[in-house]
């Protein structure tokens, strides 16, 4: 066995799968939030403060509570434009989001992202397995045709 293969094998043995999956999910979550933020800014960058407040109010009515900025597309942008989130919640007649609820919202989003990630990994593995089966069938067919031609 070559030194490179030994090195790869040792890495695979020592790799913490849970830690790797968490990093992948966090990367995906960060990328998703960046896309949502960018799309929201493109769509609502010219909106007035009142329009943005109406948007937050609409989302609050849908949820039945004041949403955490992480739960909203463009949440960071909304926080920059609208200022203090607690004061905004009070001005809209809602209870401000506690830090615990914000953390819970993040965990919900992360769990959904993790479920999506794991589902996509399973689908990818299944697709690769089907490709391998198709390649093996083709290989066997060609080998059988070659053997038949040799006779």
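Quick look at the numbers
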item	result
Cα-based Kirkwood hydrodynamic radius, the stretch 3-150, one decimal, Å	19.6 Å
Linear extension gain, residue 63 paired with residue 36, 0.36 nm per residue minus alpha-carbon span	7.8 nm
Computed lengthening from residue 138 to residue 123, 0.36 nm per intervening residue step minus Cα-Cα distance	3.1 nm
The stretch 52-131: proportion of alpha-carbon pairs further apart than 15 angstrom, %	62 percent
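None of the figures in this text is laboratory data; all of them are computed from the coordinates on show. In this text the structure is predicted, and so the values were computed from the model without any measurement.
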